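Some notes on the structure that comes next.
The values are calculated or read from the model by the stated rules, or taken from the named source; none is laboratory data. All figures in this text were calculated on a predicted structure; none of them were measured in a lab. In this analysis, Cβ positions are derived from the backbone assuming ideal geometry, glycine residues included, and neighbour counts consider all displayed protein chains.
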Amino acid sequence: MRASKSRVLHRSLRETPPKAIGGEGVWLIAEDGRRILDASGGAAVSCLGHQHPRVLEAMSRQASKLAYAHTAFFSSEPAEALADKLVGHEPGGLAYAYLVSGGSEAVEAGIKLARQYFIEIGQPQRRHFIARRQSYHGNTLGALAAGGNAWRREPYAPLLSSAFSHVTPAFAYHEKRDGESETDFVSRLAAELEEEFQRLGPENVAAFIAEPVVGATAGCVPAPEGYFRAVREICDSYGALVIFDEVMCGMGRTGTLHAWEQEGIAPDIQAIAKGLGGGYQPIGAMLASGRIVDAVRDGSGAFQHGHTYLAHPMACAAALEVQRVIDAEQLLDRVKKLGSQLERRLTERFGNHRHIGDIRGRGLFQAIELVADRPTRAPFDPALKLHQRVKAIAFEGGLGCYPAGGTVDGRSGDHVLLAPPYIATSDNIDMIVDRLGQAVDSALKSVG
Ligand code: PLP
């Protein structure tokens, strides 16, 4: 980092990060020539790595035809083809795609569609949403209100809707009591959700929203077996919708195209982004079930929402090609294989480490959690910002990890999240674990 002369409002207002000037597969190239192994695909975005020739060609083809046309007047070939690719086969009943520019927009659209659906079917009192603590659904005000990260919410709390309440996350490492079985843990969480419905009045709840595998706030936390089936049952019994936020964990990251495929249930509404366009263009999507869209079509006839860059042809063309490449190169199989290798290597390197309390995740979406004391799972003092030290040292050593990962609301410890590109090699995976191991050990040394 160097002293700032930049006019760009960067994340830090004190430091300007180095310029990235190129990319090659899993590698990012900095202005000083350093090559950084992109072990988190940025923010779990670059699933095909950088500069995939097929995607570049598809973008160039589209640019030569049409970059933009307003969706009030036109659809476009790439938008139609992308929606067909995503929901033409109606996975889990999801039959329509609303194409936006990123994850927060996709979540906002999902929340608004759920609300509008209930107005259209004559249940306008359904205005409450139940979410979970230690979740992240985006930074726009609606998505932030859904999120359950107290630190992110705090400065904006007076601006956030009170329509969202938060229950305990299915985060076994921290929330499961000593001696409690996984089944009892799931039953306890289900009972809490049930109580929350009762507190709000079940007829007033529009939807439950959750990330099937929690990403940014907690670090790759899958739910215990049966949890999401229990959630679905409770929501169904009260006529509430299930919204899944797969912005980070979706589009193949966990080894199946949708993370919910591993849970035995499907949502009514789903948000996707990141791996959808692989970073080649900013794009996200809200997928909605046929019954919801049909009800709105039969009612007012229009979703009362919109953005200037909806279904942007360039973004859709890039995302379509990313998804075609995932199929053509059978990358979901590769994610499963490399994911098992990553998990195994992390376990070999950190399984007996006195300061690594948990190794968790699915597919190429894995995290380690650093704790001061393994038996009690006590985190390090947040003031040490240990996760930042690990990542800064890793970066110096040529390894890029996901930037977030601090102690969340005093509940979880520092974590490091890995989300390598699906096109990584087995050697890349070994190198990620080796470099991370060195960074963890020297960061721990620096805090004594
Ligand atoms: N939802 C989840 C689960 C995310 O991880 C993120 C971003 O990290 C978002 C929503 C917001 O997406 P975006 O940053 O594209 O607005």
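Here are the numbers:
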quantity	calculated
Boolean, residue 387 is in contact with a strand residue (DSSP E or B) (Cβ under 6 Å, 6 or more places away or on another chain), assigned by the TED database to the domain that holds residue 36 and assigned to a helix (DSSP H, G or I)	yes
Residue list for the stretch 337-374, filter: more than 15 Å from residue 415 (Cα to Cα), surrounded by fewer than 17 Cβ atoms within 10 Å (Cβ to Cβ) and basic (Lys, Arg)	337, 344
Whichever residue in the stretch 199-218 is closer than 25 Å to residue 181 by Cβ and at pLDDT 95 or above and, among such residues, is nearest to the ligand (Cβ to nearest atom)	211
Filter pass, residue 281 being over 11 Å from the mean Cα position of the chain (by Cα) and within 29 Å of residue 310 (Cα to Cα)	yes
The stretch 88-147, residues that are away from the ligand (no atom under 12 Å from the Cβ) and either on the phi > 0 side of the Ramachandran plot or not assigned by the TED database to the domain that holds residue 241 (or both)	90, 92, 93, 122
Among the residues listed as 232, 253, the single one being among the basic types (Lys, Arg), touching an Asp or Glu at 6+ places or on another chain (Cβ under 9 Å) and either within 15 Å of the ligand (Cβ to nearest atom) or outside any helix (DSSP H, G or I) (or both)	253
So residue 79, is it within 16 Å of the ligand (Cβ to nearest atom) and not in a loop (DSSP other than H, G, I, E, B)	no
Some residue of the stretch 246-263 being of a type in the set (Asp, Glu) and crowded, with 21+ Cβ neighbours inside 10 Å	yes
Residue 38 vs. criteria in contact with a Leu (Cβ under 6 Å, 6 or more places away or on another chain) and among the acidic types (Asp, Glu)	yes
Some residue of the stretch 426-436 being assigned by the TED database to the domain that holds residue 366, modelled with pLDDT under 95, surrounded by fewer than 20 Cβ atoms within 10 Å (Cβ to Cβ) and not aromatic (Phe, Trp, Tyr)	no
For residue 180: the one exception among (1) under 15 Å from the mean Cα position of the chain (by Cα); (2) farther than 21 Å from residue 137 by Cβ; (3) not basic (Lys, Arg)	(1)
Unique match (being closer than 22 Å to residue 39 by Cα, out of contact with any Pro (no Cβ under 9 Å at 6 or more places or on another chain) and outside the structural domain of residue 421 (by the TED database)) among 283, 292, 269	283
Given (1) within 23 Å of the chain's Cα centre (by Cα); (2) more than 23 Å from residue 393 (Cβ to Cβ), number of the condition residue 53 does not satisfy	(1)
Answer residue from the stretch 36-59, given it is among the hydrophobic types (A, V, I, L, M, F, W, C) and not in a loop (DSSP other than H, G, I, E, B) and is surrounded by the fewest Cβ atoms within 10 Å (Cβ to Cβ) among those	56
Among the candidates 177, 188, 132, 127, residue that is surrounded by fewer than 18 Cβ atoms within 10 Å (Cβ to Cβ) and closer than 29 Å to residue 295 by Cβ	127
Neighbours by Cβ (under 7 Å, 6+ apart or cross-chain): first from the stretch 102-121, part of a loop (DSSP other than H, G, I, E, B); second within 12 Å of the ligand (Cβ to nearest atom)	102/273; 102/282; 102/284
